[in-house]
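Chemist: Below are the structure tokens for one structure; questions will follow.
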Amino acid sequence: MDDRKKEQLKNAVAEALQPGRRGSTAVYVIIAVLLIVFVFQLFRPNVDAAYSDKSIKKNISAAQAVQNASVVDVEHAVDQLDAAANGGTQSEDRQGRYKKLFKNCTVTGDSLTEGLTVYGWLTEEQVYSKIGASVLNSQDLFDKAAGTYPKAAFFAFGMNDMGNYSGNAKAFVKQYESLLKRFHKKSPDSEIYVCSISTPDADAIKNNSSLGDYKKFNKAIRKMCEKKGYTFVDDTSILADHPELYAGDGIHASSEYYPLWLDSLAKAAQL
């Protein structure tokens, strides 16, 4: 790399780390790491690649842009840069970062939630789930999660309940509310976050008409949260915006759905 390009990178690092810029110290540190990773890739031996001024400016701009973003946003930028530098393969420590980010937190829910441990995004000590879980049969999950006294407790129910309650959203949230009350009584210092029901795809709704009630049930969940002071986390756009992440049944999701979901939860709880 010539001196002019080196100077561009040097100036970008200096500008990104100037005092008084918006964002936390953690964000500045991660920005610096992002730039260092990029510089490392430029100097990495045995790489036959021509880096144009255009590509360098693009990466510098990406690094500077994240100054106004959250730590979660910045970590995604690091992951994307790392993936690009490694032929599309994500860094192996990404799952470790989520486990650390959600330290002393729990996620309780149904089989979609179970994917967090199946794919290795969180540990079994952080996730309380089972296939077919419903607010009708999951008191044990709520009790086990409450027994860990988490600082933030996330809940994701409703996919199975739409059929179990034959579309009766009012009865569903009444039971949901009683379980959350039971949880909060056992772990009063926990902040409670209630997730929306994820969006089923059109084929899934066609095959199981009860799934078409997800908007009605989500509206009921939101109202419950407003009434009780819980935080409602609306994740309906994730699969709707990324249909490639649906599993074959149009309800469950592939591994790459989970970082997007965890990012949403982390932002809601300001982890």
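The values are calculated or read from the model by the stated rules, or taken from the named source; none is laboratory data. These figures come from a predicted structure and were not determined experimentally. Methodologically, a virtual Cβ is constructed for each residue, glycine included, from the backbone with ideal geometry; neighbour enumeration extends over all protein chains shown. These accessible areas exclude ligands, DNA and RNA; they are computed on the full protein's heavy atoms, side chains included. Shrake-Rupley method; radii C 1.70, N 1.55, O 1.52, S 1.80 Å.
Chemist: PHE217 is checked against (1) surrounded by 20 or more Cβ atoms within 10 Å (Cβ to Cβ); (2) touching a strand residue (DSSP E or B) at 6+ places or on another chain (Cβ under 7 Å) and fails just one. What number does that condition carry?
Modeler: Of the numbered conditions (1) surrounded by 20 or more Cβ atoms within 10 Å (Cβ to Cβ); (2) touching a strand residue (DSSP E or B) at 6+ places or on another chain (Cβ under 7 Å), the odd one out for PHE217 is (2).
Chemist: Here are some conditions: (1) farther than 11 Å from PHE217 by Cβ; (2) buried (at least 23 other Cβ atoms within 10 Å of the Cβ). GLY158 meets all but one. Which one does it not meet?
Modeler: (1)
Chemist: Report, by residue number, each residue of the range 109-135 that is among the charged types (D, E, K, R) and open to solvent by 40 Å² or more (accessible area, probe 1.4 Å).
Modeler: GLU114, GLU124, GLU125, LYS130
Chemist: For LYS174, state whether it is at pLDDT 95 or above and open to solvent by 40 Å² or more (accessible area, probe 1.4 Å).
Modeler: For LYS174, the condition - at pLDDT 95 or above and open to solvent by 40 Å² or more (accessible area, probe 1.4 Å) - is met.
Chemist: LYS151: under 21 Å from the mean Cα position of the chain (by Cα), without any contact (Cβ under 8 Å) to a residue 60 or more places away in the chain and closer than 19 Å to THR231 by Cβ, yes or no?
Modeler: yes
Chemist: Among the residues of the range 121-135, is there at least one that is modelled with pLDDT of 95 or more and basic (Lys, Arg)?
Modeler: no
Chemist: Pairs, please: C-beta under 8 Å, at least 6 apart or cross-chain, first residue under 15 Å from GLY158 (Cα atoms) and in the range 128-148, second β-branched (Val, Ile, Thr) and open to solvent by 10 Å² or more (accessible area, probe 1.4 Å)?
Modeler: SER129/THR117
Chemist: On the basis of being farther than 21 Å from SER264 by Cβ and in contact with a strand residue (DSSP E or B) (Cβ under 7 Å, 6 or more places away or on another chain), does THR148 make the cut?
Modeler: yes
Chemist: So which helices (runs of 4 or more DSSP H) stay within the range 172-271 end to end and still have 1 or more residues that are among the hydroxyl-bearing types (Ser, Thr, Tyr) and touching a residue at least 40 places away in the same chain (Cβ under 8 Å)?
Modeler: Result: 214-228, 236-241, 257-269.
Chemist: Something else: TYR193 - would you say it is crowded, with 19+ Cβ neighbours inside 10 Å, out of contact with any strand residue (DSSP E or B) (no Cβ under 8 Å at 6 or more places or on another chain) and not basic (Lys, Arg)?
Modeler: Here the answer is no, as TYR193 does not meet what is asked.
Chemist: Among the aliphatic types (A, V, I, L, M) and either under 20 Å from ASN168 (Cβ atoms) or over 12 Å from the mean Cα position of the chain (by Cα) (or both): does that describe ILE238?
Modeler: no
Chemist: To continue, here is another question. Would you be able to say whether some residue in the range 251-269 is within 14 Å of the chain's Cα centre (by Cα), closer than 15 Å to ILE192 by Cβ and open to solvent by 10 Å² or more (accessible area, probe 1.4 Å)?
Modeler: yes
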